[in-house]
Amino acid sequence: MNKIFKYELRRLLWNKFFIGLLLINGLYAWFVLTGDIIAGVAYTAPFSPWSFGAYLAKTMPITVLTVLFLLTFYYAKKEKRVEVLTGATPVNPVRYSLVRSGAIATAFLILVALLLGLSLYFYASILDYWHVTPFILPALLVLPPCLIFALGAGHLAGRLHVGLLYVLMLAVLLVGFGGIGGAFDPFGGGYFSVYPLSLPAGADGDPAFTLSAGFLIARAVYLGVGGGLFLMGIGAARKKATTA
Amino acid sequence: MKAFALYRVELRRLALSKFTWIAAGLSVCGPLFGYDMYVPSSTWVMTGKYIANPVLAGAVLWAVLSMLESDRIYRAKTDVLTDAVLSPDTLAASRMFAVMTLCAAVSLLTALVYLPYTMNKVGYLFELGLYAYSFLIVLLPTWWISILLAAALYQITRRIELAGLLYAVCVYFSFSQFFGNHYFTHWINPIILSYSDGFSNASPLRITLYTRFIWLAIAGGAFALSLLCMRRYQKNLLGSIARGVRKIYIPITAAALVSAGVFLWTGQPFVDHGPIEYDYEYRYRRDVGSSNTRVSSASYRLEPNVMAGRLKGRVTFDFTKYGEGEDWIAMNPGYTIAKMTVDGDDIPYKTLIGSEVNGERKTVFTLPPVSARRNLVVEYEGFPSSAKCFPLSVTTEISLEYISLINDGVGPFSTSFVPCASSTWELILPSGLTPVVDHVLLENPEDNHNGTKTWRTTIYRYGLPWILAADFDAITFEAAGTAVELIYAHKYDRNMREYGVSKAIADVMNYCTEHQGKLGFAKGKRLVMLQRSAMFGGGNAGDGWVEWSEDIFTQSNLSDPLKGASAMEVFAHEIIHEWWGGLGVVCGEYDDPFYAAWSDEGLTVYTTYRLMKEKYGELYAAQNYIDVWQAAVDKQNRGFYYRHPEYLAKLPEQYQAQLNSEARETNQYCRMPLMILKAERLVGGEAKFDEILQAIHRQYASTGQMFTYQDFLDACDLREEDVILEQDFQI
Amino acid sequence: MKIEANQLTMIYPSGKKALQNISVRMESPNLIGILGPNGAGKTTLMKLLIAGLIPTKGDILLDGKALLPQENRLKSQLGYLPQSFGLYDELSVWQFLDYMAALKGLKGKKAIDDALAVANLAEHRKVRIGALSGGLRQRVGIAQALLGNPQLLILDEPTVGLDPEERVKFRNIFSEMARDKLLLLSTHIVEDVQSICNRVLIVHDGHILFDGEPAELIARTEGHVGVYVSQIGDPTPEGCQVVSKVNTARGIQCRVVAECLPGFAKAAEPTLEDAYLHRIGKGADAL
């Protein structure tokens, strides 16, 4: 399976689309940093965990769109034509599907590495801020639920109909840029930029990074539902191999 | 011919496509969003509300069709068949022309659909020309740009989803503040901050037309470039380009169009190339230099070309010069000097290209030292530009219906000269325009019998006058024992009379006179109130005059003063400036004139609050004034860079400028009124405070002496720390 | 290896009856040609045999046991070339075969090198698949089917798009492989079947019209093939199907297949193509 993983990575990442998408992600992240985050969210420092969380939350829609876009590779008509060959091999469809998801997750991690790298460069070069630890918790709260939910919902949508993936992309755009706000904001942008306003200021003037139970539950729900959808998608992979 | 035949059948195919009709239907619905959801243009003016915004909203909604249409031919795999008949680039170009034709038809349909409703809503202010121009200049070219770009992206990537994503990036670029809030980056959402009901809309239409040309050229170039990327001979992108460039006319067309776009962009005449931040200290740097030249008289002759928006001018200075030294004049960077002579002989001069600051540019020369009076003539011509530090403000316009020449937009001036205290002016204007020079409505023109009239006047002060010309009307009435002359656009005559504007003005003046003292005019014993185009925005006041943007006098505003609280505030605010600032008490600090919270605005805003409190009650005033100030101050106090100024210094210059400007505004318009309110409470209430203000007014008004913050504290018998706002200060 | 299909019926969700109650038994070594017009049910039969579809009725046995529970066993011994398939254009020929080998659980490079050699693709091993011609892509398809020397090869129209030389070469390769393997070859090209298959199945409208040796099919057509000379404008005699027309000096020489030849036609030696057309012409009613 290592070989399959290697080839899947190569197919996904070593092409002009991914490089273009990487560029788009990077450019957008830089706009967000220099356009929004530089002011700091909810009157906190631009390098507060709140601002950093908002940065990740604002860039996630584009990153999730990229992941969904990569998923279309696996559900495109062209891919279906190759499936008549791969479907006749003895490979375990569940493991095969997992390996492919692993390749997409790797693509996500590369994108995230770019986003993190850009933000650290931004903080260091413009604001002379060199710490990393305050960013770990917001990153953990934003990134895994986004990835798992995108993979889960994307796989399921793709298996039902590739057109649904585009509908999902549209939904991501609407939710990501229209915003739901509150604790249940899927990307957390509305939460990070509003919740700290209700908190008392700490010693340095910024409210401490304490999160509400609602938000933590919401993150867990997204992670859980995403995981569930992912398992359903994998289950559908097994079924597909034996029906018309 | 084959291409034309293809254009015809493509057009028919599009017309028969169900999707085309859905897209056309959606596009016709686009302007609906402009009534409420997408309102970038001022909604105070009727034409802005019912024409500008719907058209701008409609312009944004269109792109998917051309992408899907490009995609369709490949999805159906018909390229195998069509490529055998015609080259793919000819096919793509024919299809694009067909889609563009369809766009024109849909825009016409859209214009017709909204016409009856718009005519009904805008009423007697409706003009068919403006309506048609709005669709022709704003909507249709934007649709064209959009489909050219979308098709180009599709043809380059050949992936509809990727092209869609890239298109979204381009849209983001257009909307993003990151690229600077100026006209030229807005390819899909042209900036029209305001239309004008009563004056002219030439400025926004001219600049929008210009930006449309820029982006049509760039998008057309991108489309031509994308024709090179059409996949052929089963080759990839690069292979196809390598084949495509052999049709040399395609890369040449692409390069020509893109170069035209770039040339238009860099050579645009609307905004100068000065620094993006206003340089408050430039004046002091500029004015260092020779003052050996003494000017005894200056006469200007201005001849605007209203069709081209250009000004041709000539100024004659009678001078003497008592020593050596370089002289200079400065004027709007849009003007170029055609000739400079001394007693009829040309003299050398050098215009310092690239030296634009605050919307002016210097030209240097050396006048000969002479004791007898000589005469310097400067002839100049050009299209007046806006300063880059205020790129969106339209203070200067030359058009058939409106002329506005402010500051150095009028012509050259120099502080290297010892100036004369008066100047004569000769204006040659179209017959329909009446000029107002330095807030005086001119009279008795000379008819040139060629559709123009010559107006002459003399102004008795140093520097350049403000010149406005439009189809002005004037009414004169008395308020608080003072004669008031209200000058406004003829189109507003009905509003002015129906809504009793003169009474509203009298109310404000009576209040201020009663509570803060009587105005003493420096000249003429008359207060001139002048209406200006909505593009001017807000208000302004000076010695014996007040200016307002027209939107304060619009039907929707005048018929509901409560609804129009903010506009009515401006209205009252600007009159009150006559007591605090204009010709009353001038507040400021000598040592820190740029960033001080203490200025005329504090007392003016405070007085406006008092007036509104008397008019609409305590609750209304608290909600609309005190709460608003407090919220702004709270926001400023909490702001990270306010708490940590050490980080502010690390930010890029543009961002620092923005934060400083925001801070200055909050300080002047919110923090200081709140501190004045605190002072009012500390001295014992409104009645006592009014007595203090009246005493200040008596002492300082019309004396020209600056009223400092310390003077204010002394008058109230308070110390600085008494009125400072604590974090938890609440009223 | 032995595959048995018993009373198979396949009805698609759209209601289309692709196969109706067919039974067939195949065992290695054997090279079976499946002939039939478009839409006859050939591809459906193949998909059923590779466990790509579940039959509506009937069952398929692999070595005497139900096929579906042994799906993995079947696939580990299967080489499959569908009629229409896609390839990863972004990979090279070698990389693609390496990918497919990994999916088949094959280790080492030998299997890939062997397949490349058999498909005569060695010199194209580093070429990106996207840059290959139609014929070369077909050969990549065959090469992936041959990976790992499978015991069962199911090939749907394998020689489509190949030049005559390559076609002959592959025919011989298939023939050699059939010495110890089971090969199923679906095709429209009767000549391919005639030259290499030791057994032929004729499928039409979801039924098997014939199952036997090609020689037997030809023998059954004796007396039903004839030639005659006609002139321009002459109608085709009733009940005759014209197989070929050749312009000659005397007129148009027509070769016809008919249940009952007209009196003026002279009997001719039947070919497999004549036999196939004759059998198809009789339809399922003659079963």
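The values are calculated or read from the model by the stated rules, or taken from the named source; none is laboratory data. What you see is a predicted model, and the numbers here were worked out from it, not measured in a lab. Here the Cβ is made from the backbone with ideal geometry for all residues, glycine too, and neighbour counts use every protein chain on show.
Of all the criteria given as (1) buried (at least 18 other Cβ atoms within 10 Å of the Cβ); (2) aromatic (Phe, Trp, Tyr); (3) more than 14 Å from every other protein chain (Cβ to nearest Cβ), the one not satisfied by A:Tyr121 is (1).
Residues in segment B:439-467 that are over 22 Å from B:Arg283 (Cα atoms) and among the charged types (D, E, K, R): B:Glu443, B:Glu446, B:Asp447, B:Lys453, B:Arg456.
Among the residues of segment B:683-731, the ones that are modelled with pLDDT under 90, small (Gly, Ala, Ser) and surrounded by fewer than 11 Cβ atoms within 10 Å (Cβ to Cβ) come to 1 in all. Screening segment B:416-467 for strands (runs of 3 or more DSSP E) wholly inside it with 3 or more residues that are over 30 Å from the mean Cα position of the chain (by Cα) and of a type in the set (Val, Ile, Thr) returns no ranges. Of the helices (runs of 4 or more DSSP H) lying entirely inside segment B:199-305, those containing at least 2 residues that are within 30 Å of C:Gly130 (Cα to Cα) span B:202-228, B:237-244, B:249-266. Figure legend. Inter-residue proximity from segment A:79-91: first residues within 7 Å of another protein chain (Cβ to nearest Cβ), second residues surrounded by fewer than 16 Cβ atoms within 10 Å (Cβ to Cβ), beta-carbon distance below 7 Å, spacing 6+ or different chains. Indicated pairs: A:Arg81/C:Ser84; A:Pro90/C:Asn72; A:Pro90/C:Gly105.
You will find that of A:Phe149, A:Phe177, A:Phe187, the residue that is farther than 22 Å from A:Ser97 by Cα and at pLDDT 85 or above is A:Phe187 and no other. The test for being over 21 Å from A:Pro93 (Cα atoms) and within 13 Å of chain A (Cβ to nearest Cβ) does not hold for C:Arg73.
Here C:Ser76, C:Ser84, C:Ser92 are screened, and the one residue that is at pLDDT 90 or above and surrounded by fewer than 20 Cβ atoms within 10 Å (Cβ to Cβ) is C:Ser92. Here the condition is being in contact with an Asp or Glu (Cβ under 8 Å, 6 or more places away or on another chain), surrounded by fewer than 23 Cβ atoms within 10 Å (Cβ to Cβ) and basic (Lys, Arg); of A:Arg100, A:Arg95, A:Arg81, it holds for A:Arg100 alone. Just one of the listed residues (B:Met496, B:Met535, B:Met509, B:Met529) is farther than 30 Å from B:Lys688 by Cα and modelled with pLDDT of 85 or more, and it is B:Met529. Considering every residue within segment A:42-59, establish whether at least one is at positive phi and crowded, with 22+ Cβ neighbours inside 10 Å. Yes, segment A:42-59 has at least one match. Restricting segment A:205-215 to residues that are exposed (fewer than 15 other Cβ atoms within 10 Å of the Cβ) and touching a residue at least 24 places away in the same chain (Cβ under 8 Å), which is nearest to the other protein chains (Cβ to nearest Cβ)? The selected residue is A:Ser212. The set of residues in segment B:243-284 that are closer than 23 Å to B:Thr208 by Cβ and either of a type in the set (Phe, Trp, Tyr) or in contact with a Pro (Cβ under 6 Å, 6 or more places away or on another chain) (or both) comprises B:Phe263, B:Trp265, B:Phe270, B:Val271, B:Asp272. Could you tell me whether A:Leu9 is farther than 23 Å from A:Leu170 by Cα, more than 10 Å from chain B (Cβ to nearest Cβ) and in a helix (DSSP H, G or I)? Answer is yes for this residue. Of the set (1) hydrophobic (A, V, I, L, M, F, W, C); (2) more than 10 Å from every other protein chain (Cβ to nearest Cβ); (3) under 20 Å from A:Asp36 (Cα atoms), all apply to B:Leu651 but (2). Restricted to segment B:616-638, and to residues there that are touching an Asp or Glu at 6+ places or on another chain (Cβ under 9 Å) and free of Cβ contacts under 8 Å to residues at least 40 places away in the same chain, the residue that is farthest from the other protein chains (Cβ to nearest Cβ) is B:Ala621. None of A:Gly117, A:Gly102 is assigned to a helix (DSSP H, G or I) and touching a residue at least 12 places away in the same chain (Cβ under 8 Å) except A:Gly102.
Any residue in segment C:252-266 that is of a type outside the set (A, V, I, L, M), outside any strand (DSSP E or B) and within 26 Å of C:Ala215 (Cβ to Cβ)? The answer is yes; a qualifying residue exists. Out of the residues in segment B:28-43 that are crowded, with 21+ Cβ neighbours inside 10 Å and touching a residue at least 40 places away in the same chain (Cβ under 8 Å), state the one that is farthest from the chain's Cα centre (by Cα). The extreme case among them is B:Gly30.
Scanning segment B:44-98 for residues that are over 28 Å from B:Arg159 (Cα atoms) and at pLDDT 80 or above yields B:Val45, B:Met46, B:Thr47, B:Gly48, B:Lys49, B:Tyr50, B:Ile51, B:Ala52, B:Asn53, B:Pro54, B:Val55, B:Leu56.
Return yes when B:Thr101 is surrounded by fewer than 19 Cβ atoms within 10 Å (Cβ to Cβ), modelled with pLDDT under 80 and of a type in the set (Ser, Thr, Tyr) and no when it is not. Here the answer is no, as B:Thr101 does not meet what is asked. Strands (runs of 3 or more DSSP E) fully within segment C:156-242 that include at least 1 residues being under 15 Å from C:His278 (Cα atoms): C:199-204, C:207-212, C:225-230. Among the residues making up segment C:102-128, those that are within 19 Å of A:Thr89 (Cα to Cα) and either hydrophobic (A, V, I, L, M, F, W, C) or within 12 Å of another protein chain (Cβ to nearest Cβ) (or both) are C:Ala102, C:Leu103, C:Lys104, C:Gly105, C:Leu106, C:Lys107, C:Gly108, C:Lys109, C:Ala111, C:Ile112, C:Ala115, C:Leu116.
Restricted to segment A:126-156, and to residues there that are assigned to a helix (DSSP H, G or I) and within 14 Å of chain B (Cβ to nearest Cβ), the residue that is surrounded by the most Cβ atoms within 10 Å (Cβ to Cβ) is A:Gly154.
Scanning segment B:13-27 for residues that are surrounded by fewer than 18 Cβ atoms within 10 Å (Cβ to Cβ) and in a helix (DSSP H, G or I) turns up B:Arg13, B:Ala15, B:Leu16, B:Lys18, B:Phe19, B:Trp21, B:Ile22, B:Gly25, B:Leu26. Criterion applied to A:Val167, A:Val172 was being within 13 Å of chain B (Cβ to nearest Cβ), buried (at least 21 other Cβ atoms within 10 Å of the Cβ) and out of contact with any Phe, Trp or Tyr (no Cβ under 8 Å at 6 or more places or on another chain), and the one residue passing it is A:Val172.
Taking segment C:140-190 as the range and being surrounded by 20 or more Cβ atoms within 10 Å (Cβ to Cβ), away from chain A (no Cβ under 14 Å) and closer than 26 Å to C:Leu91 by Cα as the test, the residues that pass are C:Thr159, C:Phe170.
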